1. Only residues that are under 19 Å from P486 (Cα atoms) and in contact (Cβ under 8 Å) with a residue 12 or more places away in the chain: list them for the range 395-417, please.
2. Can you go through L135, L160, L150 and tell me which one is among the aliphatic types (A, V, I, L, M), open to solvent by 40 Å² or more (accessible area, probe 1.4 Å) and under 29 Å from R84 (Cα atoms)?
3. Assigned to a strand (DSSP E or B), at pLDDT 90 or above and not assigned by TED's automatic domain parsing to the domain that holds P52, is that true of F187?
4. For residues that are surrounded by fewer than 16 Cβ atoms within 10 Å (Cβ to Cβ) and in a helix (DSSP H, G or I), tally how many sit in the range 91-111.
5. In the list I180, I171, I162, which residue meets the criterion of being over 22 Å from P238 (Cα atoms) and modelled with pLDDT of 85 or more?
6. Considering each residue of the range 10-27, count those that are away from the ligand (no atom under 16 Å from the Cβ), within 25 Å of R88 (Cα to Cα) and open to solvent by less than 80 Å² (accessible area, probe 1.4 Å), and give that number.
7. Within the range 51-69, count every residue that is under 19 Å from S20 (Cβ atoms) and among the basic types (K, R).
Amino acid sequence: MSSLFLSRLSDEDRQQLIQSLHLAQKCNCFICEQPIDLVVQKNVIDIDHVVPLKVGGKDDPVNLALTHASCNRSKQASNLEVARILSRFLQLKENLAAKNSSPNLGHLLVQAGGGNHSLGFSLIDNTLSYSFSELGDNTVRTLPIYVDELSGFRYFFAKLPIQYLAHDAHINPRSIGSNISKLVDEFFNKRPQLHVPLGWISSKDNRSAIHVFDGQHKAAAQIMLGAKSLPVRVFIDPDPDTLITTNTNAGTTLKQVAFDKSVQRHLGNTLYQERLQRYRIATGRKDDDLNFSERDLINHFKGQAREIKRYILDSVRTGVTSDPDNKLISFIDMSGRGTDHPLSYSTVEKTFYSFFIYQEVLETPIDYQMEEGENPREVERSQIVALMNLIAESLYIDKFDDSVGTDKIENKLRKGETFSHGHLRAYRLSKEEIIYNWLQYMGQIARQYFIMQGNPDPKDKLFQCRFPEPVWENMRRFLKSLGELPVWVNTELSESVFGGKQNNNFWKTIFETGKTPQGMQVLVKPINLIDMIK
Ligand SMILES: [Zn+2]
């Protein structure tokens, strides 16, 4: 920001420049578009080049803009127009996060004034006729229809206004990550789009939105930069099951796309719903009939037992992960690459989901005791959510600070940086090898209660048995005692015990003996369940 022009201005001229930029920008910051108060924020205002000097921007008032100093410092692109576009995206992301949701193409279409019309068309022989009448353009255009040689799917290519595009969250449940900024930068630098997004239409009623199910990041980046229409390859009446399977395979067996685990689970859930429907059709049942068991499904789809089982479990996992009341979700990093959140989705799968979801198929009807509110899969799902909420309230909420994050915490401790005890405790308790061990006590607490009451051991179906209040109370007390152990905030242990990644057994030994396998004393005494819930 070393501007010769600015450095030569007198104080008075500088104030005048600020006034005129402020007026030209309607009193708003160029990046975040929120008001700038020239009195209150007098000392925290920046003047910067819209187009940076190093890429040919002019050192001249026409290329200058007024910003909050903090916005300018934290901007995500050196070009201020791009920085503003990314700031809008961040804003959208934050608004959606408050609703436990995250941005997808659909949200960006709406933000850009699109996603609001369906396309009227006719299909005669191998020709598609259509017009953009909703936009006041009544020209009837025609396009050739092609047939995909191997799949037999019919499709056409078209350049379509964003008003007719829609996001298909069913086939493509992924959201848009912060890596969108790189794509925005690419397109801003006038690099063309290499792959065309894919969509589909239904020919029923001769009207359909263009449901885009692939290429949403590229589409989104261009829309953010102001593109008003995009080229799309559009399938006509494709079999959705085939598209979902293709999309799932792209992320799993084919490894074409770096799919997040949580997204795979979501797709598994979608496939489960499809199989339920197929089973109903094959056995002549009504649309909402669930009076058959998970076992019946396995028996029906011969040769697909492993897949069906995976889809069933995926649907339970997705039920827990996407429950809007789940308070632990905002502490889980869904893509597994970030450093904002203490838990990764993969850790949640290896602990919560692997310990507490019954891993075999049920013989009872899928809607068994649904009306009484005692359906086993539903009880399981809601109790896992309740446990996650209890843990969130005991150890995370108002304690772990996202803006501090998890990046190199132990390193920073060694260098003398300090963290709040709540933050450090939540971070350490979230390490996979540690939560893997303490979370198992939650199961033990519930199980012991059932046995002490003279009930049969629920074993693997533990979470399908409704816990009475004393179980929750004991869990709450355990979490309190666990959090109070000094080890979680002992900074001297950052080099040894918390220094590198340990295996699960390392912490099992510490919990069971108070010492590391090498004999170093970490806890005053071994963890005793009875003491912990006193
Ligand atoms: Zn600002």
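The values are calculated or read from the model by the stated rules, or taken from the named source; none is laboratory data. Just so it is clear, the model here is predicted, and its values are computed rather than measured. Cβ placement follows ideal geometry from the backbone for every residue including glycine, while neighbour counts extend to all protein chains displayed. Just the protein is used for accessible areas: all its heavy atoms, side chains included, with ligands, DNA and RNA removed. Shrake-Rupley method; radii C 1.70, N 1.55, O 1.52, S 1.80 Å.
1. L395, Y396, K399, F400, I409, E410, L413, R414
2. After ruling out the rest, the residue left standing is L135.
3. no
4. Residues flagged as surrounded by fewer than 16 Cβ atoms within 10 Å (Cβ to Cβ) and in a helix (DSSP H, G or I) within the range 91-111 amount to 6.
5. I180
6. 1
7. Summing the residues that are under 19 Å from S20 (Cβ atoms) and among the basic types (K, R) in the range 51-69 gives 1.
Okay, residues lined up against (1) at negative phi; (2) crowded, with 18+ Cβ neighbours inside 10 Å; (3) in contact with a Gly (Cβ under 8 Å, 6 or more places away or on another chain):
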| position | (1), (2), (3) |
| --- | --- |
| E360 | yes, no, no |
| I366 | yes, yes, no |
| Q369 | no, no, no |
| E393 | yes, no, no |
| S403 | yes, no, no |
| R414 | yes, no, no |
